[in-house]
1. On C-alpha positions alone, give me the angle between the axis of helix 92-106 and the longest principal axis of the chain, in degrees, nearest 10.
2. Arranged from highest to lowest average of other beta-carbon atoms within 10 Å per residue, in what order do the peptides 1-14, 54-67 appear?
3. Once you charge only the Cβ atoms, +1 for Lys and Arg and -1 for Asp and Glu, what is the size of the charge dipole of the range 2-107 about its Cα centre, to the nearest 20 debye?
4. Run lengths n ≥ 4 of DSSP H only: what is the helix-derived mean residue ellipticity at 222 nm for the chain, with -39500 (n - 2.57) per run over all residues, to the nearest 500?
5. With the cut-off at 1.5 for a/c, could you classify the chain from its C-alpha gyration tensor as rounded, prolate or oblate?
6. Set Lys and Arg Cβ to +1 and Asp and Glu Cβ to -1, take the dipole of the chain about its Cα centre, and tell me which of 51, 11, 41 lies farthest positive.
7. Using a/c under 1.5 as the rounded threshold, could you call the range 12-75 rounded, prolate or oblate? The axes a ≥ b ≥ c are square roots of the C-alpha gyration tensor eigenvalues, and prolate needs a/b larger than b/c, oblate otherwise.
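A short reminder: the numbers here are calculations on the coordinates, not readings from a lab. Just so it is clear, the model here is predicted, and its values are computed rather than measured. Virtual Cβ from ideal backbone geometry, glycine too; neighbours counted across all protein chains shown.
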Amino acid sequence: MPKITCDLPQCPVDASVLKTFKQLQLADVNCHQPGPIDILLGADVFSEIMLSGHLNVSGISALESIFSWVILGKTKGISQTIISNHASCNAVEFELDKFWQLEEISN
């Protein structure tokens, strides 16, 4: 399977969130940046990969696993300004045709 899901997180997370856990060796040091999912594990192996370490600070959790520590929780993403433009160009012939149709109706 070439791709499990879209890049996660979907938008960058403020890296300062991770400062709370700076003493931990993270399984993914770039977990605050969008990136591909490397592996998808099912619930059947969850108890086999998770160890006893657990920290929770302001709704963000760090869980110890056989892969090192993983960060979970809800956080705000870095705000991004999105600029959207739309341009529409109609052919002169089309506009003239509409004009003459309107002229015919009013006469």
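1. 60
2. 54-67, 1-14
3. 780
4. So the calculated ellipticity at 222 nm is -5000 deg cm²/dmol.
5. Taking the square roots of the gyration eigenvalues as a ≥ b ≥ c, the chain is prolate.
6. 51
7. Oblate, since a/c reaches 1.5 and b/c is not below a/b.
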